[in-house]
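Everything below concerns the one structure shown next.
The values are calculated or read from the model by the stated rules, or taken from the named source; none is laboratory data. Nothing here was measured: the structure is a model prediction, and the numbers come from that model. Methodologically, a virtual Cβ is constructed for each residue, glycine included, from the backbone with ideal geometry; neighbour enumeration extends over all protein chains shown. Just the protein is used for accessible areas: all its heavy atoms, side chains included, with ligands, DNA and RNA removed. Shrake-Rupley method; radii C 1.70, N 1.55, O 1.52, S 1.80 Å.
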Amino acid sequence: MLQKVCKRYRIMVGGNGLFYPVVGFASIVLFIYMSFGDVKFGFEEEVELAFVERNGTQFMVDGKAFYINGWNSYWLMVQSVDEYSRPKVREMLKAGAKMGLTVCRTWAFNDGDYNALQSSPGVFNEQAFKALDYVIAEARKHGIRLLLSLVNNLHAYGGKTQYVKWAWQEGVGLSSSNDSFFFDPSIRSYFKNYIKTILTRKNTITGLEYRNDPTIFGWELINEPRCITDPSGDTLQDWIEEMSAFVKLIDKRHLVTIGLEGFYGPNDPKRLTVNPEDWASRLGSDFITNSLISNIDFTSVHIYPDHWFHEQVSEDYIKFVSKWMLSHIEDGDKVLNKPVVFSEFGLSDINFTMSERKTMYKTILDISYKSAKKNRSGAGALVWQFLVGGMQEFTDDFGIIPAEKTPIPSLFIEQSCRLAKVKGWPHKDKSFKQFC
């Protein structure tokens, strides 16, 4: 979401009652569980993972349906560049595993910024690359899969703006518009080179090329793409087709998604009945048309009602969230025949109480759980965002610290338990089951 990411960047330079524990008790259990970091729960040894595959509307692992309960920690790579901050990354991944979470979405880019992975087109910082190696290796150790995003539509960590600046600095840029990222041949070449370098990187810790590592859940082409200079959607559609095909040319084993927010385009009737407001259909993206591209394996949807509407109350947001999610699940089932991942969701802690936030998060997790129980296309949700203590410079008004004694983190443990009841335990390590 534009506002939240820009703010973050400025800071930085109804399920089955039998299986749904009482939130208060779960909060206490979670607090105790997360507090004893020195206790060994079986996550210290490397966990063997299989590649995630797709069968129609479902993800599959080892021949079984796989539904996601996960989170976003965009900061894992930048916090792994320096040795002194790496323990935070280890602590976060270990915490996620303790909660029974299965997928973490994080940035695999830092373009032209401090400790940049790519300092200029085709020029890479080996120290930063080793940081990404570490993130992947540590995730593997804890049985967490990573959804890796390859570039930002926004300014944070360089984004498409940095690519446009590079083209202008080299005297080859066609336009000063940030949206030239999508149509300038030189910039497309820059980005393809970046994709190839990432996918063929040999991890200095595991010895695996990224394209051969099942720790990676999949590749996200771009975080929240918008091309407002072409509201018809043709420019972005062409870019997605080209880049998704290029990824598949190099890596045929991993899944690919776009990184969409989920807005319906200008020719879709749902723009009038489901989109948050009229502006959402004029951003150059189109959920259905973009997601139908053959090299896109699954689609994504974000949920930020408090940023998308003005002058509404939390009760209205809950109604919108339910309609928004169910509409996209219906699309996945009936139109796309692909899984739908709600890859970011959040409600601000500035304007909303803990109780209001918990209600919205529970609504999202309930709908996701019911989709899993009915084998539908709603393939899971990733909350924005989890952190560990002492990371004030990385937080925003959506930040959650799992180890803190609040009602929200316990919802995710409960979700892990519910999914395990109906879909089987997704972790090779079974020690978490004692908390269900």
> So for the pair residue 307, residue 392, with labels modelled 7 Å out along Cα→Cβ, what separation do we get in nm?
Replying inline: 2.3
> If each of residue 354 and residue 175 carries a label point 7 Å out from its Cα toward its Cβ, how far apart are those two points in nm?
Replying inline: 4.9
> Efficiency by 1/(1 + (r/R0)^6): what FRET value for residue 278 and residue 241, r their Cβ-Cβ distance, R0 = 30 Å, to the nearest 0.05?
Replying inline: 0.65
> Stretched out fully, how many nm does the piece from residue 234 to residue 337 gain, at 0.36 nm a residue minus the Cα gap?
Replying inline: 34.8 nm
> Considering only Cα-Cα distances, which of the following residue pairs are longer than 19 Å: 64/374; 98/370; 338/362; 94/202; 88/130?
Replying inline: 98/370; 338/362; 94/202
> Which whole-number percentage describes the relative contact order of region 55-435, with Cα contacts under 8 Å and a sequence gap of 6 or more?
Replying inline: 18
>> One quarter of the convex hull surface, Cα atoms only: what value does that give for region 55-435 in nm²?
In response: 17.4
> What's the center-to-center distance, using Cα atoms, between region 86-116 and region 377-415 in Å?
Replying inline: 13
> So between residue 294 and residue 84, what do we pick up on full extension, going 0.36 nm a residue minus the alpha carbon distance?
Replying inline: 71.3 nm
> What order do you get for 303-309, 195-201, 135-141 when each peptide is scored by the mean count of other beta carbon atoms within 10 Å, highest first?
Replying inline: 135-141, 303-309, 195-201
> Going from most exposed to least, what order do 331, 113 have by accessible area with a 1.4 Å probe?
Replying inline: 113, 331
> With a sphere of radius 11 Å drawn around the Cβ of residue 187, what net charge do the other residues whose Cβ falls strictly inside it have (Lys, Arg +1; Asp, Glu -1)?
Replying inline: +1
> Solvent-accessible area per residue for the chain at a 1.4 Å probe radius, Å²?
Replying inline: 37
>> Suppose R0 equals 22 Å. What FRET efficiency, 1/(1 + (r/R0)^6) with r the Cβ-Cβ distance, do residue 267 and residue 192 give to the nearest 0.05?
In response: 0.15
> Under the definition of Cα pairs under 8 Å and six or more residues apart, what whole-number percent is the relative contact order of region 109-172?
Replying inline: 32
>> Taking all protein chains in place and a 1.4 Å probe, what share, in percent, of the accessible surface of the chain do carbon and sulfur account for?
In response: 52
